[in-house]
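Below is one structure, written out as structure tokens; comments come after it.
The values are calculated or read from the model by the stated rules, or taken from the named source; none is laboratory data. Bear in mind that the values here come from a model prediction, so they are computed numbers and not experimental data. Positions of Cβ are generated from backbone atoms using ideal geometry, with glycine treated the same way; all protein chains shown enter the neighbour counts.
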Amino acid sequence: MIPLDQVRTLLAVVDEGTFDAAAAALHVTPSAVSQRIKALEQTTGRVLLQRTKPVRLTSSGEIVVRFARQLARLETDARAELGMAGTGEPAAVPIAVNADSLATWFLSALTRVPAGLRVCFELHREDQDHTTKLLREGVVMAAVTSSPDPVQGCSVSSLGRMRYLPVASPEFVARWLDRPLRQAVGEIPVVVFDRRDELQDSFARRLTRGRGAGPLRHHVPASEDYARAVTAGLGWGMLPTAQAEPRLRAGNLVRIDERAVDVPLYWQQWKLDSPVLAATAEAVAAAAAEALHPARARIG
């Protein structure tokens, strides 16, 4: 049996970052916080925290924190259903979502959640290949991710495919593309989101059968700014159709290759019988069905 007061103390330490800050939030002494964490580690037989500033969870600590957040969500839902006092506060739902979804279709999805549920969304912007990390750590309840493999304790369903088009400004094409793209792609400037962005390189490798994009790279880590950088002629890049098509129609961009890249997106969430979480998942699925290309298969 894991003592709940110790679990809540661990959660406070993680959220506040230090033992002293957690003590202030819980209205106890730092010594009491330290004793509770030590007792919890003895109970579980695992080291749960690295005593850094801010503290960092171990893999075992991530499991306990995820349990703590799920427990808090269930407690809030139960109190609301019972009509108990102290349930007037809105429900907080932290979600991890990739930047391109956030800039194109995801915010409209959240407006579909019934207002009567009184939900506050806390969005964590992260690359779709890395959002599951926040699920494992218990930081978020749900995530838009490129992984079909469910995190332990989570369910997963397919949302569809986000299609990316290789584009550049007409001025860029006139200046840099005096030969076939497959010959030039390893030398011409490219715009990438950040140092973890593999999309342009994967497209270039597909085009050249092994060679990635060139070394002339501009890093622009914001979705709308990224689109503006490509449109301004800083380099070529892969844009979601929702961002690319209006610029293509206006003549501000041109496609530099007829091929496209489809990135599958999935919705992962905690396996909780939570009305708030269920309503959020339904709203996201409905918006994705309208905004994304159909999924090739459904994941159960």
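Can you tell me which residue in the range 158-197 is farthest from Asp225 (Cα to Cα), limited to those that are surrounded by 15 or more Cβ atoms within 10 Å (Cβ to Cβ) and of a type in the set (D, E, K, R)?
Across the range 158-197, the extreme among qualifying residues is Arg161.
Report those helices (runs of 4 or more DSSP H) wholly inside the range 107-197 carrying at least 1 residues which are touching a Gly at 6+ places or on another chain (Cβ under 6 Å), of a type in the set (Gly, Ala, Ser) and closer than 21 Å to Gly233 by Cβ.
In the range 107-197, no matching helices (runs of 4 or more DSSP H) lie anywhere.
How many residues, within the range 39-50, are farther than 17 Å from Met1 by Cβ and either in contact (Cβ under 8 Å) with a residue 24 or more places away in the chain or part of a helix (DSSP H, G or I) (or both)?
Summing the residues that are farther than 17 Å from Met1 by Cβ and either in contact (Cβ under 8 Å) with a residue 24 or more places away in the chain or part of a helix (DSSP H, G or I) (or both) in the range 39-50 gives 1.
Among the residues of the range 93-106, which ones are in a strand (DSSP E or B) and among the hydroxyl-bearing types (Ser, Thr, Tyr)?
none
Could you grab me the full set of residues in the range 1-27 that are closer than 16 Å to Glu62 by Cβ, in a helix (DSSP H, G or I) and touching a residue at least 40 places away in the same chain (Cβ under 8 Å)?
Passing the criteria: Val7, Leu10, Leu11, Val13, Val14.
Taking Leu117 as the residue in question, decide whether it is under 15 Å from the mean Cα position of the chain (by Cα) and closer than 29 Å to Ser223 by Cβ.
No, not satisfied.
Conditions first: (1) farther than 23 Å from Leu292 by Cα; (2) within 16 Å of the chain's Cα centre (by Cα); (3) of a type in the set (Gly, Ala, Ser). Ser147 passes all but one, so which condition is the exception?
(1)
For the range 230-278, which positions are in a helix (DSSP H, G or I), more than 17 Å from the chain's Cα centre (by Cα) and surrounded by 18 or more Cβ atoms within 10 Å (Cβ to Cβ)?
Answer for the range 230-278, where residues must be in a helix (DSSP H, G or I), more than 17 Å from the chain's Cα centre (by Cα) and surrounded by 18 or more Cβ atoms within 10 Å (Cβ to Cβ): Val230, Thr231, Gln243, Ala244, Arg247, Val276.
Consider the range 242-277. How many of its residues are of a type in the set (Gly, Ala, Ser), closer than 18 Å to Ala109 by Cβ and touching a Leu at 6+ places or on another chain (Cβ under 9 Å)?
The qualifying residues number 1.
Give me the residue from the range 130-152 that is touching a strand residue (DSSP E or B) at 6+ places or on another chain (Cβ under 8 Å) and surrounded by fewer than 17 Cβ atoms within 10 Å (Cβ to Cβ) and, out of that set, farthest from Val97 (Cα to Cα).
Ranking the candidates gives Asp149 first.
Here is a check on your reading of the model: is Ile188 in contact (Cβ under 8 Å) with a residue 60 or more places away in the chain and β-branched (Val, Ile, Thr)?
no
So Thr76 fits all but one of (1) touching a Leu at 6+ places or on another chain (Cβ under 7 Å); (2) modelled with pLDDT under 85; (3) surrounded by 15 or more Cβ atoms within 10 Å (Cβ to Cβ); (4) farther than 23 Å from Val192 by Cα; what number is the exception?
Failing condition for Thr76: (1).
Of all residues in the range 198-229, how many are part of a helix (DSSP H, G or I) and over 20 Å from the mean Cα position of the chain (by Cα)?
Selection size over the range 198-229: 10.
Which is buried (at least 16 other Cβ atoms within 10 Å of the Cβ), out of contact with any helix residue (DSSP H, G or I) (no Cβ under 7 Å at 6 or more places or on another chain) and either touching a residue at least 60 places away in the same chain (Cβ under 8 Å) or part of a helix (DSSP H, G or I) (or both), of Ala281, Ala287?
Ala281
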